[in-house]
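Novice: Take this structure, written in structure tokens, and hold onto it; I'll ask about it next.
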Amino acid sequence: MKVKLRKLWDSQKAIMKVASKDLPIKLAYWVGRDVDRVERELRDINKSRVELVKKFGKEDEKKKTWTVTPENAEVFEKEFEAFLETEVEVDIKQFEIEEFSSIQLSGEECNAINFMLKQGEI
């Protein structure tokens with residue numbers, strides 16, 4: 001399925017919440033498989049974000065960290081936001097919402113993982 005990087009980036013906490021729950025074995029298998037695939041994309045997103053931080057930032061040699069400089073913060077944010085609009089193909093299984101009935105999710109969390117849910121009547 002095609003999904004924007006923004007959706008994957010914003011779904012991190014909700015996906016980890018679902019993945020950390022005790023689920024029936026079949027559901028746990030498919031959720032774990034999907035989590036692995038999403039995490040691969042998230043690692044790639046983060047690598048690109050780090051490259052942008054280095055491009056628009058400065059290294060603190062003592063702490064061995066990079067920080068975007070204040071004068072470059074706006075351009076960094078614009079480039080990263082534009083990057084997150086990129087669509088990628090992610091091979092994931094979509095679920096019926098009822099399959100997650102044993103998990104308490106907020107509306108915000110459901111929205112964050114809606115790309116993993118079959119679209120239909122709730």
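The values are calculated or read from the model by the stated rules, or taken from the named source; none is laboratory data. Please read all numbers here as calculations on a predicted model, not as lab measurements. Cβ sites come from the backbone with ideal geometry, for glycine too, and all protein chains shown count toward neighbours.
Novice: When you scan the stretch 40-63, do you find a residue that is assigned to a strand (DSSP E or B), β-branched (V, I, T) and at pLDDT 95 or above, even just one?
Specialist: Restricting attention to the stretch 40-63, the residues satisfying the condition of being assigned to a strand (DSSP E or B) are 57-60.
Retained after the next criterion (residues that are β-branched (V, I, T)): none.
No, that holds for no residue.
Novice: Could you please find all residues in the stretch 1-20 being surrounded by 15 or more Cβ atoms within 10 Å (Cβ to Cβ) and either in contact with an Asp or Glu (Cβ under 6 Å, 6 or more places away or on another chain) or among the basic types (K, R) (or both)?
Specialist: R6, K7, L8, A14, K17
Novice: Restricting attention to the stretch 73-120, and to residues there that are acidic (D, E) and in contact with a strand residue (DSSP E or B) (Cβ under 7 Å, 6 or more places away or on another chain), which single residue is surrounded by the most Cβ atoms within 10 Å (Cβ to Cβ)?
Specialist: Taking the candidates together, the pick is E87.
Novice: Same structure again: K118: over 21 Å from the mean Cα position of the chain (by Cα) and over 15 Å from Q12 (Cβ atoms), yes or no?
Specialist: Details: over 21 Å from the mean Cα position of the chain (by Cα): no; over 15 Å from Q12 (Cβ atoms): yes.
No.
Novice: A follow-up question, please. Which one of these does V75 not meet: (1) part of a helix (DSSP H, G or I); (2) among the β-branched types (V, I, T); (3) closer than 29 Å to K17 by Cα?
Specialist: V75 satisfies all of (1) part of a helix (DSSP H, G or I); (2) among the β-branched types (V, I, T); (3) closer than 29 Å to K17 by Cα except (3).
Novice: Next up: Based on this model, can you work out whether V35 counts as under 15 Å from the mean Cα position of the chain (by Cα), in a helix (DSSP H, G or I) and free of Cβ contacts under 8 Å to residues at least 60 places away in the same chain? Quick ask: steps written out before the conclusion?
Specialist: Numbers: under 15 Å from the mean Cα position of the chain (by Cα): yes; in a helix (DSSP H, G or I): yes; free of Cβ contacts under 8 Å to residues at least 60 places away in the same chain: yes.
When the stated conditions are applied, V35 passes them.
Novice: Condition check: of a type in the set (K, R) and either in contact with a strand residue (DSSP E or B) (Cβ under 6 Å, 6 or more places away or on another chain) or over 21 Å from Q12 (Cα atoms) (or both). Does K55 satisfy that? Please lay out each step first, then the result.
Specialist: Details: of a type in the set (K, R): yes; either in contact with a strand residue (DSSP E or B) (Cβ under 6 Å, 6 or more places away or on another chain) or over 21 Å from Q12 (Cα atoms) (or both): yes.
For K55, the condition - of a type in the set (K, R) and either in contact with a strand residue (DSSP E or B) (Cβ under 6 Å, 6 or more places away or on another chain) or over 21 Å from Q12 (Cα atoms) (or both) - is met.
Novice: On to the next question. Search the stretch 51-80 for residues that are under 22 Å from R6 (Cβ atoms) and pair each with any residue that is part of a strand (DSSP E or B) and of a type in the set (G, A, S) when their beta-carbon atoms are under 6 Å apart and the residues are at least 6 apart or on different chains.
Specialist: V68/G57
Novice: Within the stretch 53-68, can you find the residues that are more than 19 Å from A82 (Cα to Cα) and either surrounded by 12 or more Cβ atoms within 10 Å (Cβ to Cβ) or touching a Cys at 6+ places or on another chain (Cβ under 6 Å) (or both)?
Specialist: K58, E59, W66, T67
Novice: Could you count how many residues in the stretch 21-52 are exposed (fewer than 15 other Cβ atoms within 10 Å of the Cβ) and in contact with a strand residue (DSSP E or B) (Cβ under 9 Å, 6 or more places away or on another chain)?
Specialist: 2
Novice: Still on this structure: I need every pair where a residue in the stretch 89-100 that is more than 9 Å from D34 (Cβ to Cβ) has its Cβ under 8 Å from the Cβ of a residue that is among the β-branched types (V, I, T) and in a strand (DSSP E or B), sequence separation at least 6 or different chains.
Specialist: That search, which allows pairs on different chains as well, returns nothing.
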